[in-house]
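A.B. asks: Below is a structure I'd like to ask you about.
The values are calculated or read from the model by the stated rules, or taken from the named source; none is laboratory data. Just so we're clear, the structure is a prediction, and the values are computed from it rather than from any experiment. Every residue, glycine among them, receives a Cβ derived from its backbone with ideal geometry; neighbour counts consider all protein chains shown.
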Amino acid sequence: MATHEYLEQGHEELKHVSDTELCSTYAALRDECQPTEAGTYHPNLQKLCGSAFEREKDRREVRRLVEQDPPPEMQAWYDEARRQPCVWWLDHHLVARHALKSCLSCGVCTAQCPAAQYYEEYNPRTIVDVALSRDEQRLIELLRSDVLWYCGQCGSCKTKCPRENNVMGLVSSLRFLSQLKGYHLASVRGRQQYAARHLWGANFWNRAFSLYFRNADASSHPDFGPRYARYWAEIEEQMRRVGATPDVSGDLGGKKVQPETLAELRRCVQWGGTLVLWQQIEEHAQASAVRSGLTIDEYYDKVRSEG
Amino acid sequence: MERFPIAAPTETAKPVKTVKEIPANDFYLTTSCILGALNPGTETLITKLYDLLGLHWGITAANPASQCTCCTGITSHGDMMAFESTLLVVARLWSVAAELGFENITTACVTSFCIHTECLEMYHEEPDLMQKVDRWLYEACGRTLHIPKHVVHASDIIYRYRDTLAESFLKHRLVDFRTGRPLRIVDHVGCHYNKVFPEKAVGGADYCDVLTGMIRSWGGQTVDYPERRHCCGMGFRQCMIRPNRGYTMACVLKKLASMEPYQPDAILTNCPGCNVFLDKEQWAIQELTSKEYGIPTLSYTELAGLLLGWDPYDVVGIQAHTVPVEPLLDKIGIPYDSDRAWLTDTPKEEVSVS
């Protein structure tokens with residue numbers, strides 16, 4: 001297969017390509033460049049972003065790293081943690097341990113929570129109550145719910161809590177656990193995390209930033225209106241006009257990072273244990289897709305448009 | 001009948017004290033994924049303002065391994081990153097800053113400010129964590145942990161120098177040049193600047209002064225509108241996954257409806273996400289409610305750039321905004337040629353909210 005043909009292939013077509021060939025082809029396409037007046041331009045970044053080829057490369061790359069022996073310390077920790085009861089997580093996970101002190105049940109977290117104002121069934125005080133109950137079944141029920149995914153992570157709850165609890169952090173920690181254990185598959189909002197893995201997770205892993213400027217294309221954002229569509233039609237020129245560096249080696253908006261930087265960043269991600277989460281999300285999604293009679297690429301399209 | 005008297009809006013309270021120490025110089029700048037993608041002018045303006053003020057700052061590294069990266073912000077709050085990975089990614093950035101000789105971090109993004117601060121706080125609360133992260137960082141990429149002297153947001157720096165800008169550099173004031181009326185500017189401070197660690201914000205959470213201080217110094221009138229402290233609703237997984245976006249629109253609508261009785265001339269922000277959604281969702285809200293708010297939304301660097309007389313299109317990049325900024329320029333008396341907004345004759349695309 002010619003190098004550029006990979007860009008059009010999905011999981012099924014790439015099944016028989018070796019991991020090594022897949023990863024090296026991806027890197028070659030990513031780093032392909034051409035000199036322009038604006039600097040060293042990388043024409044394939046926009047084609048790789050969001051492609052089935054990138055998803056297949058990422059799932060193979062992560063699986064290979066997770067299987068490395070011996071694993072980094074935190075990778076081993078998260079692999080062990082996912083087999084423990086939920087109550088164990090509350091006592092041992094770094095963020096969960098620091099999130100809750102005690103609760104007066106005063107409700108100030110809920111009173112000023114923007115998500116509680118929008119979603120009638122959302123109540124951060126209830127989430128605290130479930131955590132403090134240390135009831136395994138109530139915790140599992142919460143981890144399987146849509147409610148867990150309603151928090152907007154603004155931190156309004158933390159500002160006013162008289163006990164200095166960090167409900168935003170608690171929610172974040174419980175969402176992590178939900179995905180590690182696969183409970184997120186029980187809710188529509190939870191299943192969206194497979195799209196998240198290959199959207200901001202892929203941006204971070206492959207482009208060193210959580211958001212890539214091409215994610216905000218006008219067709220993905222009809223809510224931004226026709227004036228934005230006009231701006232989007234000139235996006236690269238408009239970005240360069242104000243000094244940004246779209247798909248160009250540089251320092252500011254839209255830049256293409258050096259492979260050496262990306263390598264360091266990825267090792268930081270790996271050493272912190274994140275790849276256990278990504279591997280679990282992948283395995284749960286694969287199993288869910290099979291149960292639904294879908295290919296993994298069809299499953300990806302389904303979960304990102306549901307809600 | 002108007003709910004509030006337009007002639008006498010409630011001005012924001014001046015803070016009793018500035019609770020925060022803001023270093024004068026020597027900054028490593030970490031860039032923002034949202035600013036870079038959606039408001040690139042806001043980010044490049046930070047560098048231009050630092051240069052104008054003669055500050056010693058940096059971002060460029062000769063070592064190709066030492067480039068700046070994301071702090072993990074969206075990935076972390078989008079529930080896709082272990083906190084220990086975030087600690088390492090941030091520790092790597094601090095190591096790069098130290099390698100370049102900078103002892104202070106300024107972040108372009110408020111979520112980055114929150115993430116860096118959260119890391120510092122966790123080191124204070126968890127006694128042996130620093131040693132662990134130092135060891136992991138060395139194993140992962142051969143670097144060592146350097147705790148920065150200060151972590152501040154770029155808006156803190158502009159706040160510190162707001163009077164210097166007003167006295168020595170600004171060509172325009174936040175005043176209607178035709179009538180002499182101070183322009184009414186409503187502020188919206190990013191939640192991750194002042195809500196998660198209020199003690200690290202200028203003026204704290206309820207009476208945050210980081211933006212109102214600039215408004216006052218630059219001649220405008222501040223307004224303490226009822227939902228001033230409500231989130232813009234960006235919400236990471238809410239705005240980035242399309243079926244969840246109703247939450248974002250509802251939060252923006254709540255804020256617009258709350259500020260509208262005061263007839264604001266503009267909204268001022270210091271958060272990349274707020275600057276995008278308070279501006280761009282005004283179009284969707286108009287489509288859904290038939291109500292046009294039409295309130296221009298600017299970041300603090302965009303406003304500073306415009307008042308400095310820098311080119312609205314080539315330097316500030318106001319054409320990136322959904323609500324046109326030109327009516328505000330008309331009030332201030334800033335000249336512009338609207339034919340220069342666009343680079344091509346691309347016809348308007350038909351877009352509908354779905």
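A.B. asks: Of the residues that make up the range B:13-31, is at least one at pLDDT below 95, closer than 26 Å to B:Gly309 by Cβ and out of contact with any helix residue (DSSP H, G or I) (no Cβ under 8 Å at 6 or more places or on another chain)?
C.D. replies: yes
A.B. asks: Let me ask something else. Out of all the residues in the range B:200-216, which are out of contact with any Lys or Arg (no Cβ under 8 Å at 6 or more places or on another chain) and closer than 17 Å to B:Thr106 by Cα?
C.D. replies: B:Val210, B:Leu211
A.B. asks: What residue, of A:Trp232, A:Trp205, A:Trp271, is more than 7 Å from chain B (Cβ to nearest Cβ), surrounded by 24 or more Cβ atoms within 10 Å (Cβ to Cβ) and either closer than 30 Å to B:Thr60 by Cβ or of a type in the set (D, E, K, R) (or both)?
C.D. replies: On the way: A:Trp232 fails: surrounded by 24 or more Cβ atoms within 10 Å (Cβ to Cβ); A:Trp271 fails: more than 7 Å from chain B (Cβ to nearest Cβ).
Residue meeting the stated conditions: A:Trp205.
A.B. asks: Check whether at least one residue in the range B:45-54 is surrounded by fewer than 24 Cβ atoms within 10 Å (Cβ to Cβ), without any contact (Cβ under 8 Å) to a residue 40 or more places away in the chain, at the interface with another protein chain (Cβ under 7 Å from one of its Cβ atoms) and in contact with a strand residue (DSSP E or B) (Cβ under 9 Å, 6 or more places away or on another chain), and report yes or no. Explain how you work it out, then say what you get.
C.D. replies: Applying the first criterion (surrounded by fewer than 24 Cβ atoms within 10 Å (Cβ to Cβ)) to the range B:45-54 yields B:47-54.
Next, from what is left, pick out any that are without any contact (Cβ under 8 Å) to a residue 40 or more places away in the chain: B:47, B:51, B:54.
Checking which are at the interface with another protein chain (Cβ under 7 Å from one of its Cβ atoms) leaves us with none.
No; the residues of the range B:45-54 include none that is surrounded by fewer than 24 Cβ atoms within 10 Å (Cβ to Cβ), without any contact (Cβ under 8 Å) to a residue 40 or more places away in the chain, at the interface with another protein chain (Cβ under 7 Å from one of its Cβ atoms) and in contact with a strand residue (DSSP E or B) (Cβ under 9 Å, 6 or more places away or on another chain).
A.B. asks: What is the number of the single condition among (1) closer than 22 Å to B:Thr248 by Cα; (2) in a helix (DSSP H, G or I); (3) small (Gly, Ala, Ser) that A:Ala285 does not meet?
C.D. replies: Looking at each condition in turn, A:Ala285 falls short on (1).
A.B. asks: Inspect all residues belonging to the range B:167-184 and state whether any of them is within 25 Å of B:Tyr262 (Cα to Cα), part of a loop (DSSP other than H, G, I, E, B) and either small (Gly, Ala, Ser) or at pLDDT below 95 (or both).
C.D. replies: Restricting attention to the range B:167-184, the residues satisfying the condition of being within 25 Å of B:Tyr262 (Cα to Cα) are B:172-184.
After this cut, where a residue has to be part of a loop (DSSP other than H, G, I, E, B) as well, the list is B:172-174, B:176-181, B:183.
Restricting the remaining residues to those that are either small (Gly, Ala, Ser) or at pLDDT below 95 (or both) gives B:180.
Yes; the residues of the range B:167-184 include at least one that is within 25 Å of B:Tyr262 (Cα to Cα), part of a loop (DSSP other than H, G, I, E, B) and either small (Gly, Ala, Ser) or at pLDDT below 95 (or both).
A.B. asks: If the requirement is being crowded, with 21+ Cβ neighbours inside 10 Å, assigned to a helix (DSSP H, G or I), among the hydrophobic types (A, V, I, L, M, F, W, C) and without any contact (Cβ under 8 Å) to a residue 24 or more places away in the chain, which of these qualifies: A:Met239, A:Met168? Walk me through how you get there before you give the answer.
C.D. replies: Numbers: A:Met239 fails: without any contact (Cβ under 8 Å) to a residue 24 or more places away in the chain.
When all the criteria are applied, what remains is A:Met168.
A.B. asks: Could you check the range A:235-244 and list, in sequence order, the residues that are at the interface with chain B (Cβ under 9 Å from one of its Cβ atoms) and in contact with a helix residue (DSSP H, G or I) (Cβ under 8 Å, 6 or more places away or on another chain)?
C.D. replies: A:Gln238, A:Met239, A:Arg241, A:Val242, A:Gly243, A:Ala244
A.B. asks: Can you tell me which residue among A:Gln270, A:Gln279, A:Gln286 is of a type in the set (S, T, N, Q) and more than 15 Å from the chain's Cα centre (by Cα)?
C.D. replies: Details: A:Gln270 fails: more than 15 Å from the chain's Cα centre (by Cα); A:Gln279 fails: more than 15 Å from the chain's Cα centre (by Cα).
After applying the criteria, what remains is A:Gln286.
A.B. asks: When B:His116 is evaluated against the numbered criteria (1) closer than 20 Å to A:Ser173 by Cβ; (2) in contact with a Cys (Cβ under 7 Å, 6 or more places away or on another chain); (3) within 12 Å of chain A (Cβ to nearest Cβ), which criterion, by number, is the only one it fails?
C.D. replies: (3)
A.B. asks: Identify, from the list B:Ser85, B:Ser112, B:Ser95, the residue that is outside the structural domain of B:Cys231 (by TED's automatic domain parsing), surrounded by fewer than 24 Cβ atoms within 10 Å (Cβ to Cβ) and in a helix (DSSP H, G or I). Break it down stepwise before answering.
C.D. replies: Details: B:Ser85 fails: surrounded by fewer than 24 Cβ atoms within 10 Å (Cβ to Cβ); B:Ser112 fails: surrounded by fewer than 24 Cβ atoms within 10 Å (Cβ to Cβ).
Sole residue among the options that is outside the structural domain of B:Cys231 (by TED's automatic domain parsing), surrounded by fewer than 24 Cβ atoms within 10 Å (Cβ to Cβ) and in a helix (DSSP H, G or I): B:Ser95.
A.B. asks: Among the listed residues B:Gly294, B:Gly305, which satisfies the condition of being within 14 Å of chain A (Cβ to nearest Cβ), closer than 20 Å to B:Gln221 by Cα and outside any helix (DSSP H, G or I)? Talk me through it step by step, then tell me what you get.
C.D. replies: Working: B:Gly305 fails: outside any helix (DSSP H, G or I).
Step by step, each of B:Gly294, B:Gly305 is checked, and only B:Gly294 is within 14 Å of chain A (Cβ to nearest Cβ), closer than 20 Å to B:Gln221 by Cα and outside any helix (DSSP H, G or I).
A.B. asks: Based on this model, can you work out whether A:Gln193 counts as within 13 Å of the chain's Cα centre (by Cα), within 7 Å of another protein chain (Cβ to nearest Cβ) and modelled with pLDDT of 95 or more?
C.D. replies: On the way: within 13 Å of the chain's Cα centre (by Cα): yes; within 7 Å of another protein chain (Cβ to nearest Cβ): yes; modelled with pLDDT of 95 or more: yes.
Against the criterion (within 13 Å of the chain's Cα centre (by Cα), within 7 Å of another protein chain (Cβ to nearest Cβ) and modelled with pLDDT of 95 or more), A:Gln193 qualifies.
A.B. asks: Does the range A:294-306 include one or more residues that are within 8 Å of chain B (Cβ to nearest Cβ) and in a helix (DSSP H, G or I)? It would help to see each step written out before you state the result.
C.D. replies: To start, the set of residues in the range A:294-306 that are within 8 Å of chain B (Cβ to nearest Cβ) comprises A:304-306.
Of the ones still in play, those that are also in a helix (DSSP H, G or I) are A:304-305.
Yes: the range A:294-306 contains one or more residues that are within 8 Å of chain B (Cβ to nearest Cβ) and in a helix (DSSP H, G or I).
A.B. asks: Shifting gears a bit: Go through the range A:164-185 and count every residue that is modelled with pLDDT of 95 or more and farther than 24 Å from A:Gln286 by Cβ.
C.D. replies: Narrowing the range A:164-185 to residues modelled with pLDDT of 95 or more: A:165-185.
This time we only want the ones that are farther than 24 Å from A:Gln286 by Cβ, so: A:165-173.
So the answer is 9.
A.B. asks: Looking only at the range B:136-160, which residues are in contact with a Leu (Cβ under 9 Å, 6 or more places away or on another chain) and either not assigned by TED's automatic domain parsing to the domain that holds B:Thr31 or not in a loop (DSSP other than H, G, I, E, B) (or both)? I'd like the intermediate steps shown before the answer.
C.D. replies: Initially, the range B:136-160 is screened for residues in contact with a Leu (Cβ under 9 Å, 6 or more places away or on another chain), giving B:136-138, B:140-141, B:143-145, B:147-148, B:151, B:154-155, B:157-159.
Once the filter is applied, which keeps residues that are in contact with a Leu (Cβ under 9 Å, 6 or more places away or on another chain) and either not assigned by TED's automatic domain parsing to the domain that holds B:Thr31 or not in a loop (DSSP other than H, G, I, E, B) (or both), the range B:136-160 yields B:Trp136, B:Leu137, B:Tyr138, B:Ala140, B:Cys141, B:Val151, B:Ala154, B:Ser155, B:Ile157, B:Ile158, B:Tyr159.
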